[in-house]
Amino acid sequence: MGWLFVTLAAVSELVGVLGLNLFSRKRNIWHGLIYAGGLGLSFAFIYASFQYLPTSVAYAVWTGIGTAGAVILNMLFFWRIQKCFPPCQFTRHYCRCYRFKSHIIERLFRKSQ
């Protein structure tokens, strides 16, 4: 029963995230109710799961599912897919910065010797 509550909490958190994104784009009562209702139900379900599961386990699973689900939800519904998948763009940018930084460190190290 506890895992059912954790699953329902994660799903209702995703509904709340969807409502938050909709509410930030267009402020009306329905988007606000989706936002507040989703997050309110999420907290109620996670609180109910604490009676059946250890708090640390239920909270960790709820947080993980909610975070991963929010990222996937935003990628599917709200990001504009460009030439490359967004995480690939981040990885490519990070690798470029890391190579540039390591190149500068090598030059500084060679000068000091």
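The values are calculated or read from the model by the stated rules, or taken from the named source; none is laboratory data. None of the values given here were measured: they were computed from a predicted structure. With ideal geometry, Cβ positions are generated from the backbone for all residues, glycine too; neighbour counts draw on all protein chains shown. SASA here: full protein model, heavy atoms, side chains in, ligands and nucleic acids out. Shrake-Rupley method; radii C 1.70, N 1.55, O 1.52, S 1.80 Å.
The figures follow:
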{"quantity": "Any pair with Cβ under 7 angstrom, 6 or more apart, that starts in the stretch 40-60 at a residue that is under 19 Å from residue 16 (Cα atoms) and ends at one that is charged (D, E, K, R)", "calculated": "42/13"}
{"quantity": "Selection within the stretch 37-55 - among the aliphatic types (A, V, I, L, M) and surrounded by 15 or more Cβ atoms within 10 Å (Cβ to Cβ)", "calculated": "39, 41, 46, 48, 53"}
{"quantity": "Output for the stretch 16-56, where each listed residue is of a type in the set (Val, Ile, Thr) and farther than 12 Å from residue 5 by Cβ", "calculated": "17, 29, 34, 55"}
{"quantity": "Candidates 98, 35, filtered to the one that is at pLDDT 90 or above and in a helix (DSSP H, G or I)", "calculated": "35"}
{"quantity": "Checking residue 58 against (1) open to solvent by 50 Å² or more (accessible area, probe 1.4 Å); (2) at pLDDT below 95; (3) among the aliphatic types (A, V, I, L, M), the condition it does not meet", "calculated": "(1)"}
{"quantity": "Among (1) under 22 Å from residue 2 (Cα atoms); (2) at pLDDT below 90, the one test that residue 13 misses", "calculated": "(2)"}
{"quantity": "Boolean, residue 17 is open to solvent by less than 80 Å² (accessible area, probe 1.4 Å) and either among the charged types (D, E, K, R) or without any contact (Cβ under 8 Å) to a residue 12 or more places away in the chain (or both)", "calculated": "no"}
{"quantity": "Lone qualifier among 7, 91 - being within 20 Å of the chain's Cα centre (by Cα), assigned to a helix (DSSP H, G or I) and either at pLDDT 85 or above or at positive phi (or both)", "calculated": "7"}
